[in-house]
């Protein structure tokens, strides 16, 4: 099968997530990176392109020019990956959608709700695919957990507990990653809530299938001088009566990238942690807790769908990310990929951020989404 | 050294915590059980006493009679352990305090705030010791954690996360333990919040040294027909600016007795779980996480104070409980035991329960303690 | 029920295991310590007795005198606990057996095979009980594991892997515990093999029910100048065709008291570690691994027999040790205690030590027990 | 930079390790698969090639033809990956080496020692690179462990314990993977010892830097009718006095791919398990055990050399495998890759297999390598 052609906006030298997208696109052999506007700084953009072996003719100084030029080429890109800081998602995404090019975009969807809605409108108008890289939802055991919940294995869901805790911003820090994430002009009004809180929110929604009715959020910026939140506490009330708690932090010293989801229903509970993603604890009421493993005994169809190696050969973050690219390819080729996150998840995430910010400003008042 | 003489109110056949107190009292050889009013049912009381080998003359049908009779004996008890359902703590405790007998009482302090205050008044008037068995605070690594926090090893505390989750009440159930704990007349208005939420609250306060300013609580009774809460979500704001979350549940399927405390400061974080109590994770910012072990390298004076066996020989729940009895003995003999919980902790726990109930009734309004 | 009367030989000030025996004897309230020859140094013996509150008339300078005197008293001891260095087990045990007093003795049975056989002969002649404190066999999940193996839950056993690794002798050290354990005159010719290797051997035999046919052992003394082994590697061939490996070490830096047993059969496997004794992994072929917990779902009769607290309230080393004392009491009172280790296990341990030493001297030649 | 051109022998439909090699080659974007003799069955070979999108002109029915044709093309392959059953490694490797093409070959090196030596001779004569995919040696923390040992962080090594246990052959089974691995004509005389024992051996040697002096091996075929070993016990004596144990099994029910390495020296010990590869326990004598994480605090240069994502974003089996391909590319381009395994490691592995087989046949006699 021919590889699909991928372009990239952002992700030049010094970037983190751009490199992740490139590896993810390569893993399953469905994509070829052929074009890019890799930095807002043209010199850095071209140097980055050269380093990656791109045809210099397809290294652009500017995403608008890139969208136009690629749309005009007979061998133009099939999709673009947008891996810039949040405030650039909307202009870039809209430019490519309007040029008739599918978009794969990092989360959160945008820096502001208005931008998010503009992307949604552009996506709808374009008829093109818009994929949001909520990569944690693509871990095999997360896919399996979702299928188990949907099948009623947990009974009626009562409780959802999700936490995503890090410590890399525990002190005042600088550097490419920290700078834009703590700058409201580039990240949006949310800091931790937008950067990782949205992942936690998405994961909980993805697996539980529940919709938040109201939430009560208490946001803090613990590091003196920080202009965005670096710790987030939220109590959740779901439609239908389930309850939940969400904790996101970038100042919890001793934590790397500790995303964990626990769901408890009337019949069973499950517990999964991203840093040890090849196993999940599952307990039916009154029975011994089971350790379910990726691809192991008890695996469901969704848990087996993207099995690259047998159980015991740990797959990780990059493989889960690659599944998004594999499914994006399938979708663009006309197949189905019902678990792949898109505009809907992006808007839900933005509403979650907005509700948390609003609630926190009002002394953690209960706030509808 | 002569053993101290212990009496017991409650703890007859079919009881759980009475047996725990008796083992705890025996472990360090400081106490001898010599008298009891072991059940509110006189026949059961006497049968229980016989089973335990008590002198029949000191098996009482009634705690009031027992208090009077023991106070009158030249060889009367030094202290009484009160291990009844919550609503009986106050009458029993007051009877013994007024009789001039030290009291060791299970938590929570009482079923109502009025009862709690009456106990406090009686204790103050009596000049006798009142010890509240918040046993989890006596684990060696918890004592050590408290000392580390106080010494500034964690820097300034920013975050406190405590959870205490079980599943034994996930379905409607009956039996001696479940019945009184879900009956407001015997347990007080709080269910889960009183039974285990107070332990979580106490543990967090004990180690962090922080005082709650305001809290926002969301309590649920998930099991149909249940008259008290079985799940508790709380957001915490501490004096001085730290924040916290507390989750207590008796319906989280797959959990046994999962009490866990995490504290994060500006310099370091710690993580301890009751079901694996002989180790604690401790991480200084930018350094590898350390696994501190009971009595192992890095142990502080408080962590070493009650070392019955060397590291690697796991001690557990009963040994921590025994430390309370050893310290109670030391106190009664005129020594010091500054970490031993008493009336102050009991009142703090009652205020915590009351604030949670009030907050939850008012839609999780922020409530001062 | 009347408490049984216990005497103790050894276990004076500075001793380790004597204190463990005393706590273990107290935990279930079946025993009362009333007499002792607590040290081979009479001054220390009496000081230790005073500290423990023994009647000075029953603090003996000498075990022989004690055996005679206690046998003569109408209120003499029911049993004696022998907690001396290994070389004193035989003279003490024989003295008490000949005086008609039951013996509870620490392991290994003796310092030499000749002593061991003399004890066995004395025990047989006396008609008294002889109990050997292989305490690790009394953990509830170990009792359960044995029952599961016997019931065929694992199918036919193919593999037994046991390891017991520590690091406290990784460097040349001194002190009461280290001194006698590294002195062949007091410990016997085996060092690590006798001190902890026998525990590992006993645990494997206890659970698997298998008998060693031949073994090949490679013993080392890694610390310069050490006169006994401090590391032990053994390959095992069991009667019936199962195979095994045993590793015992006192120089494995980073290990506290890491005793672990794994058994694999045709149908299932299990995995238990002493430092986390309240859970055991159990996996049937082709099914998810289960986490069995002490007293939890799937517990067998033997796993429930000595349940002092519900699951989730961790019990440990002292409780397992206490089970031996509870069963010793039952036995002496005429009951049954089929899992309690005695002379047979002691002789088996001595034969194991001897075979390992002999094999190792002969370049790890296969050696029958 | 131009991608290097890769050919593949074996790895057609139904194969396992071929797919792993292809993903590994793609991850870092250094390789492009352009040619193959993907199966010994020509129809399957061409169908597999079509599925992978290979140019039909470069899908060969036969490796000999492929070596000749590719060597003749101006755009011929830079290297070939040989991923056949063991008995085909030698003929294929020699054909490509003689054609002047670098070889990347799966382990073990060959089915027989004679074949292994023939490969070695061909490699030496060719002046081409020969890379053996001992992929476990490329995990970042394993590279770091090796560097730490070499730097003396553990002191003088005393003990090496390595185990590699699985359960997939616990019963008689069939299927492409099982069939050739249990057929001596295709796997060589060793079964488990060759398939995974060599990985364990390589890992221990790679990290410890130690050379085995003599070994004593006890091999079994537990499954009735099996013609090769499925369980391996080995005691090791290293040059210089260190000792070790190795256990490899394919019948240890409940284990997936449980490769674990522990090394203990005079100053410190380390413990790493492949199924949880992003952390390693490290303990200096008398200090708390540290949890070292991939790329985290304390990481060494080698531990950081192939960091694709920050700590907390788990990398796994495929990423470690990819590091071999990245290093192979570097080597072929004239760079250095001193940790990359090659002919030396391959011959060492074959000598290890041979010594184990010989020792086991002679009742586990001590056997030099």
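Values in this text are rule-based calculations from the coordinates and carry no lab data. Owing to the predicted nature of the structure, the values given are computational and were not obtained by experimental measurement. Cβ atoms come from the backbone with ideal geometry, glycine included; neighbour counts cover every protein chain shown.
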What is the fewest-to-most order of D:39, C:174 by other Cβ atoms lying within 10 Å of their Cβ?
-> C:174, D:39
Please find the FRET efficiency linking residue A:13 to residue B:239, where r is the Cβ-Cβ separation and R0 is fixed at 45 Å, and quote it to the nearest 0.05.
-> 0.45
Contact order relative to length for chain D, counting C-alpha pairs under 8 Å separated by 6 or more residues, stands in percent at 19
Spatial separation of Cα centroids for region C:245-315 and region D:314-369, in angstrom | 35
Can you give me the Cα centroid spacing of region A:56-117 and region C:46-116 in angstrom?
-> 86
Residue order, fewest to most beta carbons within 10 Å, for C:287, C:345 | C:287, C:345
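Averaging sequence separations of C-alpha pairs under 8 Å and six or more residues apart, then dividing by the length of region D:4-132, give the relative contact order as a whole percent.
Dividing the mean separation by the residue count of region D:4-132 yields 22 percent.
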When chain B is modelled as a GNM with alpha-carbon springs shorter than 10 Å, which of B:332, B:263, B:157 fluctuates the most?
-> B:332
Output, in nm with one decimal and in ascending order, the distances from the residue D:75 label point to the matching label points of the other copies (7 Å from Cα along Cα-to-Cβ).
-> 1.1, 10.3, 10.4
Sort shortest first the distances from residue A:64 to its counterpart in every other copy, using label points 7 Å along the Cα-to-beta-carbon line, and give them in nm.
-> 6.5, 9.0, 10.7
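When you look at the Cβ of every residue in A:290-302, what mean number of other chain Cβ atoms sits within 10 Å? Please list the in-between numbers first.
Details: counts 7, 7, 2, 4, 2, 1, 5, 7, 3, 1, 0, 0, 0.
Per residue, the average neighbour count from other chains is 3.
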For a paramagnetic label modelled at 7 Å from the Cα of residue A:180 toward its Cβ, which residues of region A:326-369 fall within the zone defined by backbone nitrogen distances under 16 Å?
-> none
By its C-alpha gyration tensor, with a ≥ b ≥ c as the square roots of the eigenvalues, how is region C:79-174 shaped: rounded for a/c under 1.5, else prolate for a/b larger than b/c, else oblate?
-> oblate
Relative to the longest principal Cα axis of chain C, at what angle does helix C:317-332 sit, 0 to 90 degrees, rounded to 10?
-> 60
Classify region D:223-341 as rounded, prolate or oblate, taking a ≥ b ≥ c as the square roots of the eigenvalues of its Cα gyration tensor: rounded when a/c is under 1.5, otherwise prolate if a/b is larger than b/c and oblate if not.
-> oblate
Only helical DSSP H runs with n ≥ 4 go in: add -39500 (n - 2.57) per run for chain D, normalise by residue count and round the 222 nm mean residue ellipticity to 500 deg cm²/dmol.
-> -10000 deg cm²/dmol
Per its Cα gyration tensor (rounded if a/c is under 1.5, else prolate when a/b beats b/c, else oblate), the protein assembly as shown is best filed as oblate
For the rotation that brings chain A onto chain C, whose beta-carbon in chain A is nearest the axis, and what is that distance in whole angstrom?
-> A:290, 3
Which residues does a label at residue B:151 reach in region B:262-279, if reach means a backbone N under 18 Å from a point 7 Å past the Cα toward the Cβ?
-> B:263-272, B:279
How many nanometers, to one decimal and shortest first, lie between the label point of residue D:185 and those of its other copies, if labels sit 7 Å from Cα toward Cβ?
-> 6.9, 7.5, 8.4
Inter-label distance for residue B:361 and residue D:171, nm, one decimal - labels placed 7 Å from Cα along Cα-to-Cβ | 6.1
Residue among B:18, B:298, B:349 with the largest mean-square fluctuation in a Gaussian network model of chain B, springs linking Cα atoms under 10 Å = B:298
